[in-house]
Amino acid sequence: QTFLDRIAALNPGLNAFITVDSDGALAQARAADVAIAAGKAGPLTGLPIAHKDLFCTEGLLTSCGSKMLENFISPYDATVVARLKAAGTVLLGKTNCDEFAMGSTNESSAFGAVKNPWDLSRVPGGSSGGSAAAVAARLAPAITGTDTGGSIRQPASLCGVTGLKPTYGVVSRWGMVAYASSLDQGGPFAKSAEDCALMLNAFAGFDDKDSTSAEREGEDYTRLLNQAPADPARPLAGVRLGVPKEYFGEGLAADVRVAIEAALVELEKLGAVRVIVSLPKTELAIPAYYVIAPAEASSNLSRYDGVRYGHRAAEYRDLMEMYCKSRAEGFGREVQRRIMVGTYVLSHGYYDAYYLQALKLRRLIAEDFQAALAQCDVLVGPVSPTTAWSLGQMADDPVQMYLADIYTVALNLAGLPGMSVPCGFGKGGLPVGLQLIGNYFDEARMLAIAHRFQ
Ligand code: GLN
């Protein structure tokens, strides 16, 4: 009830929630009370959560921030949703996001932009802007998001909360609406690394409904962060932090640089040592990503044809006109732009020049990371080149917006885990996030480092 009251008071200004399920949440909370009284509670029993509106939830709207799905009620729960339900959590509702997770500002949502709780005239980041803003405004202690090219880490950074994008394959994509399937990965937003680890414990792990799910033993993501360090005064003794020199180049705003530098000094005080490393293909990550992601999106979004579900135009003369009008009306500008780019780079005559080239870059970028990670335990750097910018500032300049993804998209191309941890403030008191990048399946160690830093 406390969280529902807070949502009622603050959401009209923030627009972080698309759906609030008060009755459902209160019923689930009562069931949690019964479980607790019966001694059957798990670590998350009764925890109020929310899901990005990209996760299918049986009986509740799953809009993906799109007019195309503004009336879509999923007949089933995503695996992430089902697992968090089984863990006894209480679902408050669904959070706003960029349309089909395409964007870095949450302004492409058909349900309107989300406001950054630190400054209502600024963007919360995207695409999981509603999730990040809601955790920052304490509308829920933990919320899910998805990250295809930064959509968990970047809004976490801009809103001053912790967000984790796991290794590709750790979190099931079953029931998580596809944007770019080879990059998409679900993960948690919360106040701290420890809370993120507890959330991950509940929903990560093999799922035979997702063919790319990693077949691994379940693990306890809190195990390393709960271990007492040998020297409590220097809990990060022996940890090697790789600092990629390309992440501190020209495009990085001075105030973000200062905050990141201060965080590195802090980490050193805790015993960590810095190793300068290089990710030479950094500047090729954006072009590779903005070919591969739209290519996959153009294919994934072909399912919205107005026939089986989703928006259908009211008037049409024949089948082709029904497809065209339904898609023209249902998709917003950014989604249409990406479908066109994706269709173009996949078309005969351009496939080799763009798509195949991008796939080659993708492999080289992954090799860069392996070379760098061979010299350290985690990579550290900024998440976003600037703090939260003003609403509308990049609305007419998609390329400028794509360039702001410079520090986040490469990791998705490689399939590596990464997180954003609040590390200070830039100009105007706006939050800055520190990015940690670990090796494959090394989430527990990354979380432990973040925990000791926090
Ligand atoms: N900003 C990136 C994009 O627009 C990343 C989005 C995401 O991770 N879903 O594609």
Only one of Val380, Val307 is among the aliphatic types (A, V, I, L, M) and under 25 Å from Arg173 (Cβ atoms), namely Val307
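Collect the residues in the range 418-454 that are acidic (Asp, Glu) and either under 17 Å from the mean Cα position of the chain (by Cα) or under 28 Å from Lys115 (Cα atoms) (or both), keeping them in residue-number order.
Let us first name the residues in the range 418-454 that are acidic (Asp, Glu), namely 442-443.
Listed by number, the list holds a single entry, Glu443.
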Filter the range 104-116 down to residues that are surrounded by 24 or more Cβ atoms within 10 Å (Cβ to Cβ) and away from the ligand (no atom under 12 Å from the Cβ) and give me whichever is farthest from Asp184 (Cα to Cα).
Asn116
Restricting the search to the range 187-219, which residues are within 23 Å of Cys423 (Cα to Cα) and not hydrophobic (A, V, I, L, M, F, W, C)?
Gly187, Pro188, Lys191, Ser192, Glu194, Asp195
From Asn71, Asn106, Asn15, Asn96, grab the single residue that is more than 22 Å from Gly175 (Cα to Cα) and in contact with a Gly (Cβ under 9 Å, 6 or more places away or on another chain).
Asn15
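One line per residue, one yes/no per condition, for (1) away from the ligand (no atom under 16 Å from the Cβ); (2) out of contact with any Pro (no Cβ under 8 Å at 6 or more places or on another chain); (3) at positive phi:
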{"site": "Ser278", "(1), (2), (3)": "yes, no, no"}
{"site": "Ala288", "(1), (2), (3)": "no, yes, no"}
{"site": "Arg317", "(1), (2), (3)": "yes, yes, no"}
{"site": "Cys324", "(1), (2), (3)": "yes, yes, no"}
Which of the following residues is at pLDDT 95 or above, within 14 Å of the chain's Cα centre (by Cα) and of a type outside the set (S, T, N, Q): Phe100, Phe111?
Phe100
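Does Ala137 satisfy being closer than 22 Å to Ala204 by Cα and surrounded by fewer than 24 Cβ atoms within 10 Å (Cβ to Cβ)? Don't jump to the end; show me each part of the working.
Details: closer than 22 Å to Ala204 by Cα: no; surrounded by fewer than 24 Cβ atoms within 10 Å (Cβ to Cβ): yes.
Against the criterion (closer than 22 Å to Ala204 by Cα and surrounded by fewer than 24 Cβ atoms within 10 Å (Cβ to Cβ)), Ala137 does not qualify.
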Select from the range 387-413 the residues that are more than 18 Å from the chain's Cα centre (by Cα) and either crowded, with 18+ Cβ neighbours inside 10 Å or within 11 Å of the ligand (Cβ to nearest atom) (or both) and list them in ascending order.
Trp389, Leu391, Met394, Pro398
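Among Val341, Val335, which is surrounded by 20 or more Cβ atoms within 10 Å (Cβ to Cβ), of a type in the set (A, V, I, L, M), assigned to a helix (DSSP H, G or I) and out of contact with any Gly (no Cβ under 7 Å at 6 or more places or on another chain)? If you could, list the steps in order and put the result at the bottom.
Working: Val341 fails: surrounded by 20 or more Cβ atoms within 10 Å (Cβ to Cβ).
Criteria check complete, one pass: Val335.
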Every residue from the range 128-160 that is under 22 Å from Arg83 (Cβ atoms), part of a loop (DSSP other than H, G, I, E, B) and either within 16 Å of the ligand (Cβ to nearest atom) or polar (S, T, N, Q) (or both)
Ser128, Asp147, Thr148, Ser151, Ile152
Answer yes or no: is there a residue in the range 104-115 that is under 23 Å from Ser298 (Cα atoms), of a type in the set (A, V, I, L, M) and in contact with a Lys or Arg (Cβ under 8 Å, 6 or more places away or on another chain).
yes
Residue check, Asp53 modelled with pLDDT of 95 or more and surrounded by fewer than 21 Cβ atoms within 10 Å (Cβ to Cβ)
no
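Give the residue that is surrounded by the most Cβ atoms within 10 Å (Cβ to Cβ), with candidates limited to residues of the range 79-103 that are of a type in the set (S, T, N, Q) and within 16 Å of the ligand (Cβ to nearest atom). If you could, list the steps in order and put the result at the bottom.
Initial filter on the range 79-103 (of a type in the set (S, T, N, Q)): 79, 89, 95-96.
This time we only want the ones that are within 16 Å of the ligand (Cβ to nearest atom), so: 95-96.
Numbers: Thr95: 34, Asn96: 31.
Selected residue: Thr95.
Applying the selection to the range 289-303, what residues are of a type in the set (S, T, N, Q) and under 8 Å from Arg338 (Cβ atoms)? Spell out how you get there, then give the answer.
Here is the first cut: in the range 289-303, the residues of a type in the set (S, T, N, Q) are 298-300, 302.
Of everything in the range 289-303, just one residue is of a type in the set (S, T, N, Q) and under 8 Å from Arg338 (Cβ atoms), namely Ser298.
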Being surrounded by fewer than 20 Cβ atoms within 10 Å (Cβ to Cβ), among the aromatic types (Phe, Trp, Tyr) and assigned to a helix (DSSP H, G or I), is that true of even one residue in the range 304-318?
no
Inspect all residues belonging to the range 425-434 and state whether any of them is within 14 Å of the ligand (Cβ to nearest atom) and either farther than 17 Å from Val277 by Cβ or part of a helix (DSSP H, G or I) (or both).
no
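The values are calculated or read from the model by the stated rules, or taken from the named source; none is laboratory data. Bear in mind that the values here come from a model prediction, so they are computed numbers and not experimental data. Quick reminder, even Gly has a Cβ in these numbers, built from the backbone with ideal geometry, and neighbours come from all protein chains shown.
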